[in-house]
Every structure is written in C-alpha cells, then in structure tokens.
Amino acid sequence: MYKIEKSLHLPSIDKEILAFWAEQDVFAKSVNQRSEDNSFVFYEGPPSANGKPGIHHVMARAIKDIFCRYQTMKGKRVERKGGWDTHGLPIELAVEKELGITKEDIGKSISVDEYNAKCKETVMRYKDLWDDLTIKMGYWVDLENPYVTYENEYIESVWWLLSQMYNKGLLYKGLTIQPYSPAAGTGLSSHELNMPGAYQDVKDTSAVAMFKVTKNETSDFLFDDADEDVRIIAWTTTPWTLPSNTALTVGPKIKYVKIKTNNVYTNLPVSVVMAEDLVSKWFGGKKQHEILAKSDTFIGKQLDGVRYEQLLAFGNEIEELNGKTDAFRIVLGNFVTTESGTGIVHTAPSFGADDRKVGAENGIGALTLVDKQGKFKDSVGPFSNRYVKNYKDEEDYVDVNVDISIYLKQNNQAFNVAKYAHNYPHCWRTDKPILYYPLDSWFVKAASVKERMYELNKTINWKPASTGTGRFGKWLENLQDWNLSRTRYWGVPLPIWRTKVNEDAGEVAQDKCIGSIEELQKEIDKANAALGKNQAVPKDLHRPYIDDIVLVTDDGEPMYRELDLIDVWFDSGSMPYAQWHYPFENQDKFKTNFPADFIAEGVDQTRGWFYTLHAIATMVFDQVAFKNVVSNGLVLDKFGKKMSKRWGNAVEPFEALETHGADANRWYMISASQPWDNLKYDIDGVVETRNKFFGTLFNTYKFYAGYANIDNFKYSEKNVPLEERPQIDQWILSLLNSLIKDVNQDYADYEPTAATRKIQSFVMDHLSNWYVRLCRRRFWKGEYSQDKIAAYQTLYTCMEAISKLMAPVAPFFADWLYKNLNEVSKQEKHISVHLASFPRVSHVAINKDLEQRMEYAQRISSLVLSLRKKESLRVRQPLQKILLPVLDAAFSQQVDGVKDLILAEVNVKDIEYVTDTSGIVKKSIKPNFKTLGRILGKNMKAAIPLINKLGQEDIAQIEADNSYKLSIDGQGYELTLADFVISAEDIPGWLVANDGDLTVALDITLTDDLKAEGMARELVNRIQNARKTKDFNVTDRIKVALEKHDLVTAAVASFGDYIKNEVLADDLTLVETVAGGEVIELPEEVSLGMLVELN
RNA sequence: CCUGAAGUGGCGCAAUGGUUAGCGCACUUGCCUGAUAAGCAGGAGGUUGAUGGUUCGAGUCCAUCCUUUAGGACCA
C-alpha cells in the first residue's frame, strides 16, 4: 500500500527522513557507492563555530549541497570533508571580553598557556548549534572527520606551505606603515580593511594648522618685510598626528599663493601660503577669513627646503629615517593634490604610508609620539598619556583632538577648526577607528606573482562571470603584498627563527623557516648540541611552547622565533593541503582531490577565502585551487535591508526550518532569485512555495496513491508501450523528457534557479493542472484496463522523475516521495533517491508536434471557456459545437488529435472545421516583421499600412500564389507567404474569440435535449456533493430520491442511467416529497428536496 | 571618484532587437472540483528610472544622468 498522509506537513517529513538517513547511513552510502576514480571535488569553506549561524548560512550551504548532491546522482564520488576555522582575532577578542582582560594582560595576569587553552575551549562553543543546523537543513557534509585548523597536523601543513614560499624567496620582513587596531592590539591586513563595514562615516575634528616659516635665504621670497608673520597652512582630520609632524609636502607643479589676512581666532595679522586653486574654499565666505592681499603665484618647487618652526614642540628626539633627522622643512611629493585641504600635506612619517615614503626619501626623520595602545607617550606635554581616540570605551572620554585644536587656537597656530564628516577605516572586530602605525612585519610577495594569478584566474568558471573578471580580476591586477604578521597569541605561529642583531649597526640577520616537525626536530638536535640545551619539539605547536625553542645558525649563532602569528586567512587558504595533512600523509588522496571542481561562498569571500586559496595554489603549485566557483549574494530582509541583530530583522534559521520545513526554505531561496543576486527573504514567499509547489506535488501524489491503493497498482505490469498509451500520456512524457534535459543542463551549468523554476512550472501547470485534471476519470472510472495501467504508469514515471530532479534542492520531500513510490513498486533497488541516478533523457519520447498539439488544446479550451463566461453559460451546460477556422491542413490534423480532450474540457459536443473555401471566415493579415525587416529595411514603415490595408481577395491571392509584389517609392519587392502573418479573425454572425493566431467560434443554441443533459449534470454534481459531505466511501453504492419538477423530470427521463452511473446509484426515483433529505438549488431558480442514502 | 550588479503594475519576478510587455502574490467578480492549502475565466492596476542616440523597429544595444546595492581607490 502507498502511504497516504492526510495533509502536508513538511517539518514532519524532515524528521522522518532525517531518522531514515541516520539509521541507514545514507550520506555515507551516497559517497561510498561511487568509484574513487570518478570524483567530483568539493571544498568546504570552514565556518567559525564561535558565532551562531544565521539564515544566510542556510542559503550558502544549500547552494553547496545542491551541486554536490547533483554530481552524486550523476555518478560522481563527492567527498565533502567538513572543517572548522578555529584561529584568529574574533576568538581572541571574545575571550578577552569574557575574561575581562586586555591584550596587555596576556603573559602577565594570565599566562599565554592559559589564555590559549581558553581560546581553544571557546572556539567550538557553538559547534553543536552548527552541527544541528547542518543536519536540520539537510546539508550533507562529513562532520565526523572535519579538518580543524588548530590541530598540529594542520599547522604542520601550513608551515610546509610557508617554507615552500620562503624557499622561493616569496617571504620577507619589512617595516611599513600599516593599518593597526589599538583596540585589538594588532595590525590589520589590507583585505581586513576592505571588509564590508570597515569604512564608516564619522565626524572628526579637523584642523588647518599654521606652520611658521623661518626666514632665511630659501624662504626670503615669501617675505614682504622682515616682520611679516608668514605661515604655511596644512589640513588634517587627525590632529593627534600634529605633534609628530616633521615635514610639509607640496606638489612640485602646483601653484601656490600667499594671502594676507587677520586670524579669525586671534585677530592677529598673518600671511598664509596655500594652493591657489583652494583659496576660494577657505576665504571670502561667511565666518571665513578675509583676503587683504594676495601675492603672485609660485610653484611648489620653489618652496622646496623652506624651513618652519616645529608646531608642537615638546622636546622629543627626532628618530632617524634613512639615517637622517633633518626635520621641519618643506619637501616635494607627487601624491599631493588640490582636491581638498590646502594643497599642502602635513607629514608625519610614523602615521602615514605616503608620509613615510616621502620622509625616507628626504631624510626628514620621524616622531612616533603615540604608543601601540593608541595613546600619547608621556613626553607630549599637556597631551601626555591621553588616548587619541576612545579606544577603551571610557564614558568620560574627552577628545584629545579637540584639545589640540583649542591649544592651536590659543597659540595662534590654528587657521581653521571644524567638524568634518568623512569615511574612516575601522577595525572589523572592535568597531574602533584604526590608526596607521609603523610595524615590523612579514610579507608574502603576492604582487610579484600577480600576473600569473591573473592568468590562472581566467581559467576559472565564475558564477557570476562578472565577479571573476571584475571584482576579483581587477583586484589581482592591482595586488599588493600580503601582510602575514599578526602580533597575537592564538593562531599558527610563524615558523621563522632569526638571529638577534643590531640592525642600526648595519648587521644583517640570518633566518630560517621550518617546514615540518621532522625538520624542527633536526634543528633542535643541532641547537641542543651547540648550546648544550635539552629542548624537544613541543606537543602543541602553538605559543607559548614554540616560542621557547632556540635554534642555531650553521655558525652556531642562536636564533629566536619571530613572535608573530600568521594571518588566519592563510589558515583557510591552506585547507586543500592541510585538510589531508599533505605532504606528510595522504599523498594519493591529495592528488585526486586537488584542485576542487567546485566551491561556493558568499561574495564577501572574494578577497578572503577565494583569494587566499588562489594565492597559495598559484605560489606553491602554480595551479588553480578551484575550477568552478559560485559566489552568492546576501540575504536581506523583505524590505531589502541588511539583516542584523541590531535592527531586529534577522531571521532565526531554526525557527524558519521548524515552521515551514527545510525544503520550503531551500526551494524558496533558490527559486526566488539567482544565488548571486541578493535575496529579499520574505517568509510569505516560503509559505507560498510550500502551498503552491509542495502542496500541489503532495496532492498529486495523494491522488495517485489513493486510487493506486484501490486498484492495487504496484507497477507489477510490464510497461505499456509508449505508442499504445493515449496521447495525453505521450504528451506529459514528452514534456517530462524535455524537462529532464533542461534541468540536467541547468544543474551542470550551476544555474539552480532556472532548474527550480522549470520543475515548478512542470509540476503545477502541466502535471497537476492539466494531466491529472484531464485524466482523473481514467483513475477512478471503469475496469483495471490497459488504459488505466498506462495512466498509473505515466503518472508514476512523472513523479518518480520529479523526485529525482528536485532531490538536490529539496532533499527531504524528494526522498519521501521517492521512497513512497519505490517502496511499493520496487522499480529501483535504491533505498533513497540520493542513491539513485539522475534521470536520463529519452529522446524518442520527446515529440514537439505533440507538445504543440496540446498547447492548441489548452488555448482553444481557454477561448471557449472565455466565450462561455461572456455569455454566462455555465460549463455544466453542454453546447452543440465549436467552429474552428482552418488555415492549413496540418492545423486541423493537429487539433483533431486533441479534439476529445477539448470537447470534454469545455463540455461541447463537436468541433466543426471551417475551411477558407467556405468563404465565411474573415482573415487578417499583418507583416512578419522579422523577415520583412531584413528585406525592406528603411521602407518597412511605409509597408506597414499597405499590408494592413490588404483585403480578403489579396490575402487569398497571396495564399494561392505564395508570392506578392509590393512596391514602395518605385522600388519593387518580391514577397512570399512567409513574409506575412495571416490569421482567421472572425466568422461574421458567430460568437468569436481570438488568441494570437487562434480563433474559435461557439454555437450557443440550446436544444431541449442539451438543456436536459445540462440539468442531469447539475444533479450529478449535487449528488456527488452530498456523497462528499456525508463522507461516503468512494466505492459505496447509493440510492437517490428527488422531488418531482418539470425540468428534473426531463433530465431523469433522458439521462437517468447516466446519472446513476456517475454517482454509483442503484436507484434513482422521483417522488412527490422527500422526507429527511436536503434542499438543493439548481439553475433557473429551481429548488427541490433530495435524499441520498447508502444502499 | 572608479567598477560591477540592478531599476519593468502595490510587492516578488519573466520577456533570442520584432505584432497588443508576460507570470505569481495581494485586491475584485464569476465558474469548476469525488486530488489540491489548488485550478479556470474575467476586472482593476504600466509613459519598462530619466533624457538623448543607433535601428525600419528598443524593456533589450550605445551615451549621459538619477536611484538602489555590492565592491574598489582615496581619506593629508
């Protein structure tokens, strides 16, 4: 017996199927049953389990799951090793917050050992939640043997990769100005700075400071007289960098002027120097300075070497830059523009990349008056020990930038102070503004291989393509070196040991990069021998244990580990190798699992995981790491707003799954918009998907199962040959095979949205709404004949194929359907649809002629129903005939093939074909734009009215001769029938409707006989309704008594047997009054009593 | 500032350069139903973001602009 559920409840199906999968270990079987020689390689981008999963993870993982399941059904072995991203700043910060400590406390109030233990404990905090989501959403990934980035084996593989790069000369150490987060206590990489949300709009206090020019030979041209107070003005949005100013940079070709004015704050006369282009920005407006006099212009080059007095002098020693400390003078820089500010750049080489560069070139020295915690050192006068931004969330924080500005104003050093709104980078974890800071770091020379990375990228199939060529390709073209260093504790230690030397004295350090535990052991042995130590390889490769290891150079010089960790993004980019502990183990496994055929993540990973995978594979293996990549968009709320906890519009994934089921969510997400478009997640859409698609399919099954159980159909008979099945069967099977072909291609092309939309349309529009509706009688009427068996087989075939086509997207319902069918029919040996093969196309079953014929049937039926509606003729009232104008023999042949379907559908007795020779069909003619456009070109416009004007005789002539001579502006054209669209438009005197080239006319004359039959059908309907409300069994026999009425009497007299047959009545009697029955309403305002009883 | 994506009835989405721009939801009228949480027929609802251009013909191609969104550059 087929299982029948009263109503559809997807969450219950989820649970049932999950239990079945677990019990039978279906996932493992789906992998193991496929040959290792025929694999489809998928890489799982590791999530971090220290945050809770959201609804967008359901979306992203559904995409991964779909193609893995599809490829499995295509016979591929798709191993899906799960993984966990376990290192990195988010975890460290979470731990710090929990313990109530800051970075400075680590190694003091808490040992690194204890701290890291705590990180390790925290990192898997929500693993259970993640695993639960993975299971509940039906995402198949190997959770038993995941790779974990903190494990020694994983770290060893990462070390190996680093050593490969080191040996290729791709690693180097350098001091650079880098984005640095004082709040997090670490430098940030450029891709971290480029994370969404890193740049935030903020209002900062900006200041234009006045730097007093020293009068000497170089600056003499700036002075009109000896007492003139000449100042260079420069703008900054970070006044805290002003104490560290050591130079001013001007553009060599930019034109500058000197303007005499009175300072608005002090009212003292002053002459300021600035770019001419920007004068109007600072002068002449409300509350702005007044121009008292303006000098001739001079170019920036003339200012080169002009000296000025230090703005904020607190007696700090100038640090050397390129061996020199010649500070407080004007230098030249090409990066200076006149787009904003004053055209003169305040230069603090410790806090800006450009500043550093220009400072080093000119040997101007540097002042680094801010420490790594983001606060002034204790030698900065009134500003000593104050945080330059509110890094500590102090409630009573007073902005030191404001105080600096006030100080400048009071000391006649400020030209302008104002709030300025701009975009400033913030640390993606702490949400605090970053600052640029000189840091010693290890870099990967990514820029040196960017051409190769660019070339290899061209071989990758990106979905969508624009992400690959645009966002990713452009990024590769302008690639910067990759800053690997992180001065933190919980992560992969940099496996580089280095001698301690005095670099200032010109000594050069030696270093060594360790690529394996074995190598480390050898080096330790060597060091132990040389230094008389008793060191061993630590059991745990993390800090602090690894930090204690001292190695030696070949000369016996001690080398100490570079204390940095490496960027976590390197961890995840290493997963193709490290997940297998390559090259130390699993060499074969790796070879068959590299590169990946397919990966998928959010588009935000373009510069994250997608990049690190690509970079490492290119640099170490000179290969791509993945061949196909789907980058999916964001999941937004129904209004198109980003989901966030702060807005309270985040959808709770577990709730969504439990309310409507995993499949409805998955199907909705995939069918509503393409994966790479942002999805506006609307719960109403999920409900609609559930009702429309799953509801319809469920009911189709329920219908089938109900009657198949009655007839005991188990698909035990041989297949009825296709040509012996009625054409409606052939038709739906033709459509089905067309569908299989299309959907297979869509999945293969990573186009899941197209696949779901096609499946959906087939199920709802064709299978349910046409095939089943028209075939209902075949299932419940009459003997267990070949026709009935054909109907069962056909519907079965469709549903089984649908279960397979939909299985990648809706794995639960698909399996439920497949199992329900197959467990009774035993057609296939598989216990689950996910072990079955994707359906093959039967090309012989595809019959486009037939598909067109059925389309005619559907359209003609629609037209007739629409005519009935217009005349208020209910469908139960039979009509005599339809007139159908025929344009060519093929058409009438096509329609004749589906005549019975049409007649039954619209309740009409006959179709009469009207050929044009009868002369009663009026035709219309229109130009065929496609062909005529090519022939006529510019004369097209003139031709349209000429053609529309053609009369019935002209049309007949064109049809007869297959040619027509058209002349426009004296130019003649030889046209053929194909250049026109001729259609029957009207049959004068009849009720006519058109749809495109189709035209039907309806005979609405009602004879007594037709009226009686109409009434008979009304009676059938009322009696059937009675059966239904009385809850009779579908097979119960009944007897019926009706009150006498003229109209009813005629109907019973002529169609009594028909009525009895339809409603399974043994007895149908007309009586004067009915006792205990019901009153029924019939057309023409007849109402009478009726009694329906079991017989 | 630059780049990509998008802009089509109230909402969500379609439409190889070709006749009257379709479908679903929601609204509304009627119908059908011994599978349907459905379906059918009708009604109302559109200057396809704007302006130019190419073309016989533009929702579609080009240019400029506007808006949304995601990135990039810069941020002295």
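Odds and ends about this structure:
- Phi-based couplings in Hz for segment A:450-457 (Karplus 6.51, -1.76, 1.60; Gly and Pro marked x): 5, 4, 5, 5, 5, 4, 4, 4
- Bins of 20 Å, starting at 0 and running to the largest distance - Cα pair percent for chain A: 10, 27, 26, 20, 13, 4, 0
- Two-decimal log10 I(q)/I(0) for segment A:806-873, as the Debye equation yields it once each C-alpha is a single scatterer, q = 0.12, 0.14 Å⁻¹: -0.62, -0.70
- Estimated FRET transfer efficiency when R0 is 30 angstrom, pair residue A:509-residue A:537 (beta carbons, to 0.05): 0.80
- Annotation: residue A:87 carries an accessible surface of approximately 10 Å², with a 1.4 Å probe and no ligand, DNA or RNA atoms counted.
- For the residue pairs A:781/A:881; A:758/A:930; A:29/A:81, the C-alpha atoms sit more than 19 angstrom apart in A:781/A:881; A:758/A:930.
- Sequence-distant residues sharing a close amide H with residue A:628 (under 5 Å, placed H): A:461, A:598, A:599
- Put simply, when A:128-135, A:587-594 are sorted by average Cβ atoms within 10 angstrom per residue, most first, you get A:128-135, A:587-594.
- Think of segment A:1008-1094 as a dipole: +1 on every Lys or Arg Cβ, -1 on every Asp or Glu Cβ, centred on the Cα centre; then among A:1086, A:1047, A:1063, A:1063 lies furthest on the positive end.
- With all protein chains modelled, accessible area of residue A:139 [1.4 Å, Å²]: 10 Å²
- Residue list for segment A:729-761, given a label point 7 angstrom along the Cα-to-Cβ vector of residue A:786 and an amide N cut-off under 17 Å: A:729-730
- Axis of helix A:848-870 versus longest Cα principal axis of chain A: the two differ by about 70°, to the nearest ten degrees.
- Evaluated at q = 0.30, 0.31 Å⁻¹, a Debye calculation over the C-alpha positions of segment A:225-268 (equal weights, vacuum) places log10 I(q)/I(0) at -1.14, -1.15.
- Average projection area in nm² (convex hull over Cα atoms of segment A:953-1034, one quarter of hull surface): 10.9 nm²
- Lysines whose Cα lies under 21 Å from that of residue A:173, excluding same-chain neighbours fewer than 8 positions away: A:357, A:372, A:445, A:450, A:500, A:512
- Taking all Cα pairs closer than 8 Å and separated by 6 or more residues, the relative contact order of chain A comes to 11 percent.
- A crude spin-label estimate for the pair residue A:971 and residue A:360, with each label 7 Å from Cα along the Cβ direction, gives 7.0 nm.
- Calculated mean residue ellipticity, 222 nm, chain A: -11000 deg cm²/dmol, from DSSP H runs (n ≥ 4) at -39500 (n - 2.57) each, averaged per residue and rounded to 500.
- Anisotropy class of segment A:922-986 from Cα gyration tensor, a/c 1.5 cut: prolate
- Extension gain, residue A:314 to residue A:151: 0.36 nm times the residue separation minus the Cα-Cα distance gives 53.6 nm.
- Selected from A:83, A:612, A:1029, residue furthest toward positive end of dipole (chain A; charges at beta carbon): A:1029
- Debye log10 I(q)/I(0) for segment A:679-845, one point scatterer per Cα, at q = 0.16 Å⁻¹: -0.94
- Mean Cβ neighbour count within 10 Å, used as a protection proxy, ranking A:796-803, A:950-957 highest first: A:796-803, A:950-957
- Spatially proximal aspartates and glutamates relative to residue A:258 (Cα-Cα < 16 Å; intrachain offsets below 8 disregarded): A:220, A:224, A:225, A:227, A:228, A:229, A:276, A:277, A:290, A:296, A:304
- The calculated FRET efficiency for residue A:829 paired with residue A:560, based on their beta-carbon distance and R0 = 56 Å, is about 0.30.
- Residues with amide H under 5 Å from that of residue A:915, placed H, sequence gap 5 or more: A:886
- Our note on the geometry: Cα centres of segment A:765-818 and segment A:197-269, 82 Å apart.
- Solvent-accessible area, 1.4 Å probe, carbon plus sulfur percent, for chain A: 47 percent
- Between residue A:28 and residue A:294, the modelled labels are 8.5 nm apart [label points 7 Å from Cα along Cα→Cβ].
- Eigen-decomposition of the gyration tensor built on the alpha-carbon atoms of segment A:495-563 gives equivalent ellipsoid semi-axes of 21, 14, 10 angstrom, largest listed first.
- Above-threshold pairs, the threshold being 19 Å between Cα atoms, out of A:281/A:419; A:255/A:419; A:203/A:255; A:103/A:539: A:255/A:419; A:203/A:255; A:103/A:539
- In this simple spin-label approximation, residue A:994 and residue A:588 carry label points 7 Å from Cα along the Cα→Cβ vector, and these lie 7.3 nm apart.
- Scalar couplings 3J(HN,Hα) for segment A:572-579, obtained by applying the Karplus form with A = 6.51, B = -1.76, C = 1.60 to θ = phi - 60°, are 6, x, 8, 4, x, 9, 5, 5 Hz; x denotes Gly and Pro.
- Linear extension gain, residue A:684 paired with residue A:385, 0.36 nm per residue minus alpha-carbon span: 102.0 nm
- The mean sequence separation of alpha-carbon pairs under 8 Å and at least six residues apart, normalised by the residue count of segment A:1008-1094, gives a relative contact order of 38 percent.
- A viscosity of 1.306 mPa s and a temperature of 10 °C, combined with the Kirkwood radius over C-alpha pairs in the Stokes-Einstein formula, give segment A:559-697 a diffusion coefficient of 88 µm²/s.
- Probe 1.4 Å, accessible area per residue of chain A, Å²: 43 Å²
- Under 5 Å from the amide H of residue A:48 lie the amide H atoms of A:85, each residue being 5 or more positions distant or on a separate chain, with H modelled from the backbone and absent for Pro and chain starts.
- Percent of Cα pairs exceeding the 17 Å cut-off, where the set is segment A:1008-1094: 40 percent
- Extension reserve of the residue A:1005-residue A:930 stretch, reckoned as 0.36 nm per residue once the Cα distance is removed: 22.8 nm
- Karplus-derived HN-Hα couplings along segment A:957-965 (A = 6.51, B = -1.76, C = 1.60, θ = phi - 60°), whole Hz, x at Gly and Pro: 5, 4, 5, 6, 8, 6, 7, 8, 9
- Of A:287/A:389; A:52/A:463; A:926/A:949; A:899/A:922; A:215/A:260, those spanning more than 19 Å from alpha-carbon to alpha-carbon: A:287/A:389; A:52/A:463; A:899/A:922
- For the pair residue A:225 and residue A:301, a Förster radius of 22 Å applied to the C-beta separation gives a FRET efficiency near 0.35, rounded to the nearest 0.05.
- Solvent accessible area, Å² - residue A:280, 1.4 Å probe, full protein context: 90 Å²
The values are calculated or read from the model by the stated rules, or taken from the named source; none is laboratory data. Since the model is a prediction, treat every value here as computed from it, not as a measurement. For neighbour counting, all protein chains shown are included, and Cβ atoms are generated from backbone atoms with ideal geometry for every residue, glycine included. Surface areas here come from the heavy atoms of the whole protein model, side chains and all, with no ligands, DNA or RNA. Shrake-Rupley method; radii C 1.70, N 1.55, O 1.52, S 1.80 Å.
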